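Below is one structure, written out as structure tokens; comments come after it.
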Amino acid sequence: MIVRILNEGQWHLTDEAVQALNAFDDAVEQAVTAGDQDQLTKALHALLDRIRATGTQLPDGSLEDSDLILPDADSTLEEMRQLLSESEEGLIPG
Amino acid sequence: MSGIFQRISMIFRAKTDKALDKMEDPRQTLDYSYQRQLELLQKVRRGVADVATSRKRIELQANQLNTQADKLTNQAQKALEVGREDLAREALTRRSGLQQQLSDLQVQHAQLQGEEEKLTRASQRLQAKVDAFRTKKETIKATYSAAEAQTRINEAFSGISEEMGDVGLAVQRAEDKTAQLQARAGAIDELLASGALDDPTGTAKDDITLELEQLASTSDVENELARMKASLGAGPAAAPQAIEGQPSPSGAQPPPSQVAQPPGLDAQTPQEYQAPPAQDQEAPPAQPQGDLR
């Protein structure tokens, strides 16, 4: 499975490694729902550290679609909400 | 894994698909996309340059604030030397205000540096992907039938679109951040330009400097007065001499006539007396007098 970390690049993860990330996903979602910036930052850092540790980074020149797209580790709540709002324009310039 | 990241991924994909659907001819898709990639690459590079400019500006401001802080330290020192603890206290209080600003600037500087590094990396990644896309584009154009090409194009296109979406976001974020910081930097610039970071009167010199200068000039006046009194007491004749000395240039006119006289009085040295007036008008009055007596 290929995972993109926004602003960082793409990583290749095994299915087992992806399964292990579910708990982190929940933590991030809870933080966003609760509007807790500290918790969000902590959860994102934990999640992304895990991906960097268990995955292999794809070379810059590879043109592959990601199965999952994750926000930047330092994303703010506002940025997360923006990412999630479909009305936002210009996400894909192509 | 589902939930929040699935949603983000779906939004990305939906946008890619929408962009793809707009194209009917596969070749058009390739060329149009490549064009957009190059444009975006330019935009990222401009973004990097903008962030670097803002970073340098902040560095400049930090230097200026440091200079101000040093100045206030010196003022405090001077104020203490003339026994004005209140002024020294004021200067040091202001300096601590400046140091607050300085540490704010340092935080901003670190932020900008982070953005700059991220954008530089994004620019490298996009460049590599654009290069890969160009190669792939030519291969697709040359080798495959239209139906096969469509599939390959979709692959290549969605791969690069995702990167473009990512980089587009990064540029946007960097632009927002620099705009915010520039607004704050502008406020500091104005303060620095007025030369009166904490001076409510807005005059070019801050009030501590003014007060120190007043103290200094007061003591200068006293010193000058004391010196004058001393010189008056030492020799009253000295002053009249100085006053006489001034009109001497206009008083230099009589000497030539005096100079004309000596030949009549003393015929032995006529040439000596004629020469000096031509050389120096102030010299003759002393010389003839000295020679005559």
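Taking label points 7 Å from Cα along the Cα-to-Cβ direction, residue B:225 and residue A:14 give a separation of 9.4 nm. Counting Cβ atoms of other protein chains within 10 Å of each residue's Cβ and taking the mean over peptide B:153-160 gives 3. Ordered from longest to shortest, the equivalent ellipsoid semi-axes for region B:53-122 are 35, 10, 5 Å, each the square root of 5 times a Cα gyration tensor eigenvalue. Computed on region B:124-167, the Cα convex hull volume stands at 45 Å³ per residue. Leaving ligands, DNA and RNA out of it, work out the accessible area of residue A:45 with a 1.4 Å probe and give it in Å² to the nearest 10. Roughly 70 Å² of residue A:45 is accessible to a 1.4 Å probe.
Across peptide A:68-77, the average count of Cβ atoms from other chains found within 10 Å of a residue's Cβ is 4.
Annotation for the B:A interface, with buried accessible surface near 4000 Å², both sides summed [1.4 Å probe; non-protein components not counted]. What the pair-distance distribution of chain A shows, using all Cα-Cα distances binned every 5 Å from zero, is 2, 13, 23, 24, 19, 14, 4, 0 percent.
I need the shape label for region A:6-48. Rule: rounded when a/c is under 1.5, else prolate if a/b > b/c, else oblate, with a, b, c from the alpha carbon gyration tensor.
Judged from the Cα gyration tensor, region A:6-48 comes out oblate (a/c at least 1.5, b/c at or above a/b).
Heavy-atom accessible area, probed at 1.4 angstrom with all protein chains present, ranks B:117, B:138 as B:117, B:138, highest first.
Per residue of B:86-97, other chain Cβ atoms within 10 Å of the residue Cβ number 0 on average. Separation of the alpha carbons by more than 21 angstrom is noted, of B:43/B:177; B:118/B:177; B:56/B:177; B:71/B:177; B:43/B:118; A:42/B:129, for B:71/B:177; A:42/B:129. Treating the beta-carbon of each Lys and Arg as +1 and of each Asp and Glu as -1, no other charges, what is the dipole magnitude of region B:45-147 about its Cα centre, to the nearest 20 debye? Charge dipole, region B:45-147, about its Cα centre: 780 debye, nearest 20.
The values are calculated or read from the model by the stated rules, or taken from the named source; none is laboratory data. The model shown is predicted, which means the values in this text are computed figures rather than measured ones. Counting neighbours? That spans all protein chains shown, and the Cβs are built from the backbone with ideal geometry, glycine included. Remember, those area values only see protein heavy atoms, side chains included, never the ligands or the DNA or RNA. Shrake-Rupley method; radii C 1.70, N 1.55, O 1.52, S 1.80 Å.
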